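Notes for the one structure printed next.
Read the figures in this text as sums done on the coordinates, not as results from a lab. Keep in mind it's a predicted model, so treat the numbers as computed, not measured.
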Amino acid sequence: LLLAEELVGRAAQSLDNARQYASQHAAALTLQRALLPSRLRGGPAVEVASRYLPADVDHGVGGDWFDVIPLSGARVALVVGDVVGHGL
């Protein structure tokens, strides 16, 4: 009986951990997709295109990022960064 109680307790904890992980993973993907620009603006100086490829293909997260900031005088600033870590 004690063994069965221990197994049930561990199974319940494992299921709860899996549920929490799935919830946090879904929230991270939703946030990540919401932060992606719908349209890039380079102004009259440059034509800008993008493609999203996550660094961690299994989890769909991580990698590098960039932004294009239109400046005065037909100029743009290109900013590049790296995402470290994972999760929210």
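Here are some notes:
- Matching label, semi-axes √(5λ) of the Cα gyration tensor in Å computed from the structure shown, candidates (1) 28, 14, 11; (2) 46, 10, 9; (3) 33, 17, 11: (2)
- To the nearest ten degrees, helix 2-35 and the longest principal axis of the Cα atoms of the chain are 10 degrees apart.
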